[in-house]
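What follows is a short report on a single structure.
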Amino acid sequence: MPITSARMAALYDRVRQVIPSIEWPAFIDDIEAILDLKQQRNAVILAHNYQTPEIFHCVADIVGDSLALARKAMSVEADVIVLAGVHFMAETAKLLNPQKTVLIPDLRAGCSLADSITAEDIRLLRQRYPGVPVVTYVNTSAEVKAGSDICCTSGNAKAVVESLGVPRVIMLPDEYLARNIAAQTDVQIIAWTGHCEVHERFTPADIRELRESHPGVTVLAHPECPPEVVAVADFSGSTAAMSDYVGRQKPPRVVLMTECSMSDNVAVEHPEVEFIRPCNLCPHMKRTTLANIRTALEQNRHIVTIEPEIAGRARLAVERMLAV
């Protein structure tokens, strides 16, 4: 259908509480072009919860945390997938859709966790702990996934660890996620030392200050936060779990200890909830913009490719996760 000014008005109506009216005109041309290009190219846009609202609410077709995107990518009926997120997410989409064209708008959209571990590191860990299965967070490269037994996300990590039926596992690369899961299970977890550059900055002192400044605030923490932060939060869970908590519990005042844009995106769905916004930005997530999504669709860039041998083994690790 043709893109009309009425449609743009409807889109803005959805995001008006998180995008100032003075900023909206700067987005309209790119949004109109992207919606048109998606129809022309039979393309869909997958957007992570950390994308900015003009992407998340105005051009994305599928949104969610890394687990939701991984699951939904398997049933996409499109020729082209644009991943509005970071590189490991685009690789995962390609693993699950090998016959489709997968594009990432900016090749520099990396991840501190993905950069903290290599396939060689896994080989050395297997030598040190023979027979111990390796559970790898999806925030890793395809090559690292290929060296693993099974993948996990922050939303299903405990279930994945316990599904293996073994007394101990190697869990990498996020040390804090591993320690937080270890506190919930009898399985011994051998952790790596990778950290998320966003979540590692949150501290218990931040939460104390938030509670003093905003009496009655409900604190939700991502499990990539340090365990001492999770310990003093009211709830800890993946971005999907945090969003579900807000929708289910409707706390009058809430703070999400995670990447900034998450609060904006959840606030659109729950205008009755007051969101306190301590802002830790992910520089990698913010490399994706409307402008480079548009360019990706116009110029077919940047195409995500994975070596077949690596892809086969990495896909198996992801599929094992999805089967749990």
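A few comments on the model shown:
- Once both labels are positioned 7 Å from their Cα atoms along Cα-to-Cβ, the gap between A9 and L107 label points is 4.4 nm.
- In this structure K38 has an accessible area near 20 Å², from a 1.4 Å probe over the protein heavy atoms.
- Seen from E23, the other residues with C-beta closer than 12 Å to its C-beta sum to a net charge of 0, counting Lys and Arg as +1 and Asp and Glu as -1.
- Within-15-Å neighbourhood charge of C282 [Cβ basis; K, R +1; D, E -1]: -4
- Whole-percent carbon and sulfur share, accessible surface of the chain, 1.4 Å: 49
- Across the chain, Cα-Cα pairs farther apart than 37 Å form 16% of the total.
- Prolate/oblate/rounded label for region 59-104 (Cα gyration tensor, a/c 1.5): rounded
- Taking other residues whose beta carbon is less than 15 angstrom from the beta carbon of I55, and scoring Lys, Arg as +1 and Asp, Glu as -1, yields -4.
- Ranking S236, S21 from most to least accessible surface, computed with a 1.4 Å probe over the protein chains only, gives S21, S236.
- DSSP bridge pairs, the chain: antiparallel proportion in percent, nearest 5: 5
- Shape category assigned to region 87-152 from the gyration tensor of Cα positions, a/c cut at 1.5: prolate
- Heavy-atom surface of region 178-301, accessible at 1.4 Å and reported per residue (Å²): 43
- I310 accessible area, 1.4 Å probe, all protein chains in place, Å² to nearest 10: 40
- Using just its DSSP H runs of length 4 or more, each adding -39500 (n - 2.57), the chain gives a mean residue ellipticity at 222 nm of -12500 deg cm²/dmol after division by all residues.
- Gyration tensor verdict on region 52-163 (Cα atoms; rounded if a/c is under 1.5, prolate if a/b is larger than b/c, oblate otherwise): prolate
- Accessible area per residue was computed with a 1.4 Å probe on protein heavy atoms; V304 scores about 0 Å².
- Loop-located GluC sites (Glu not before Pro) across region 1-64 with a Cβ neighbour count of 16 or fewer within 10 Å are E23, with loop assigned by DSSP.
The values are calculated or read from the model by the stated rules, or taken from the named source; none is laboratory data. Quick caveat: nothing in here was measured; it's all calculated off a predicted structure. Heads up, the Cβs are rebuilt from the backbone with ideal geometry, glycines too, and the neighbour counts pull from every protein chain shown. Heavy atoms of the whole protein, side chains included, go into the accessibility calculation; ligands, DNA and RNA do not. Shrake-Rupley method; radii C 1.70, N 1.55, O 1.52, S 1.80 Å.
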